[in-house]
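Starting off with a structure, shown below.
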Amino acid sequence: EKEERMKSRMQSLSENSPDMIIRMNPIGKLVYVNPAAAGFLGVDDGSQLKKRFSELSIDQKFIDFIKSALRSIKSNHAHVISEIEVEVNDDLRIVEVKAIPEMGEEDELETVLFVVHDVTEFKRIEQEVKEKNKKISDSINYAQRIQTAILPDTGLLQQYFPRSFVFYRPKDVVSGDFPWFFHFD
């Protein structure tokens, strides 16, 4: 009874998850597809559930990953996690796919659970942050070049103050200190 309640809870979580959840047997036949995955896979009713994964009309890169993950899991029974680009309705999406082996009573592979999470928006934001950081770094480096160009020449300074030096060491790239030298008459 406790196990049935747990299965019911897991089913409810799966049905309402924004992530695609796909369960298939070790030879690649679909066993379960949640609603989020049904649209992606083109599986509208239960009649397609017994089809092999490779028979569905979806992005070939996704099919190749599933085949590779199944081979890997069959050989070493370890999780497989990867990020791949797939085309969905003429839109390129980046997804993180976790393949989780589900073992039976005698430690034989019963099914493989694939959890597919769309990370396209996260990757887009990450790329924007990288671009902004690059622009900021470029601006700071340019400011350093300008600052270095306007610093007084230490050779000229030592003509008038022979036993002198300028200790110039910015905390980071640019400094807030500007030594200034002016010869008057």
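The values are calculated or read from the model by the stated rules, or taken from the named source; none is laboratory data. Everything numeric here is computed off the predicted structure, so don't read it as measured data. Cβ coordinates were reconstructed from backbone atoms using ideal geometry, including for glycine residues, and neighbour counts include every protein chain displayed. Just so you know, the surface numbers come from the protein's heavy atoms only, side chains and all, with ligands and any DNA or RNA stripped out. Shrake-Rupley method; radii C 1.70, N 1.55, O 1.52, S 1.80 Å.
One line per residue, one yes/no per condition, for (1) hydroxyl-bearing (Ser, Thr, Tyr); (2) under 30 Å from residue 175 (Cα atoms):
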site	(1), (2)
60	no, no
68	yes, no
75	yes, no
93	no, no
98	no, no
120	yes, no
130	no, yes
134	no, yes
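If you don't mind, another one. Just one of 167, 178 is farther than 30 Å from residue 82 by Cα, surrounded by fewer than 10 Cβ atoms within 10 Å (Cβ to Cβ) and modelled with pLDDT under 90; which is it?
On the way: 178 fails: surrounded by fewer than 10 Cβ atoms within 10 Å (Cβ to Cβ).
The conditions single out 167.
Here's the yes/no breakdown for (1) at pLDDT 90 or above; (2) under 30 Å from residue 41 (Cα atoms); (3) among the β-branched types (Val, Ile, Thr); (4) surrounded by 11 or more Cβ atoms within 10 Å (Cβ to Cβ):
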site	(1), (2), (3), (4)
118	no, yes, no, yes
131	yes, no, no, no
134	yes, no, no, no
138	yes, no, no, no
141	yes, no, no, yes
148	no, no, yes, yes
155	no, no, no, no
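Quick check on my filter: what residues within the stretch 91-107 are more than 21 Å from the chain's Cα centre (by Cα) and surrounded by fewer than 10 Cβ atoms within 10 Å (Cβ to Cβ)? I'd like the intermediate steps shown before the answer.
Kept after step one, since they are more than 21 Å from the chain's Cα centre (by Cα), are these residues of the stretch 91-107: 101-107.
The answer is 104, 105, 106, 107.
Quick one: which of 138, 172 is in a loop (DSSP other than H, G, I, E, B) and either under 30 Å from residue 93 (Cβ atoms) or of a type in the set (Asp, Glu) (or both)?
Working: 138 fails: in a loop (DSSP other than H, G, I, E, B).
From the options 138, 172, the qualifying one is 172.
Within the set of pairs 6 or more residues apart or between chains, which connect a residue that is assigned to a helix (DSSP H, G or I) inside the stretch 8-29 to a residue that is open to solvent by 60 Å² or more (accessible area, probe 1.4 Å) and at pLDDT 75 or above with Cβ atoms less than 8 Å apart?
Pairs that qualify, where the first residue is assigned to a helix (DSSP H, G or I) and the partner is open to solvent by 60 Å² or more (accessible area, probe 1.4 Å) and at pLDDT 75 or above, are 15/35.
Being of a type in the set (Ser, Thr, Tyr) and in a helix (DSSP H, G or I) narrows it down to one residue among 54, 82; which is it?
On the way: 82 fails: in a helix (DSSP H, G or I).
Criteria check complete, one pass: 54.
Does the stretch 120-129 contain at least one residue that is closer than 26 Å to residue 38 by Cα, surrounded by 12 or more Cβ atoms within 10 Å (Cβ to Cβ) and either polar (S, T, N, Q) or touching a Phe, Trp or Tyr at 6+ places or on another chain (Cβ under 7 Å) (or both)? Can you show your working first?
Filtering the stretch 120-129 down to residues closer than 26 Å to residue 38 by Cα leaves 120-124.
Subset that is surrounded by 12 or more Cβ atoms within 10 Å (Cβ to Cβ): 120, 122-123.
With either polar (S, T, N, Q) or touching a Phe, Trp or Tyr at 6+ places or on another chain (Cβ under 7 Å) (or both) added as a condition, the list becomes 120.
Yes: one or more hits.
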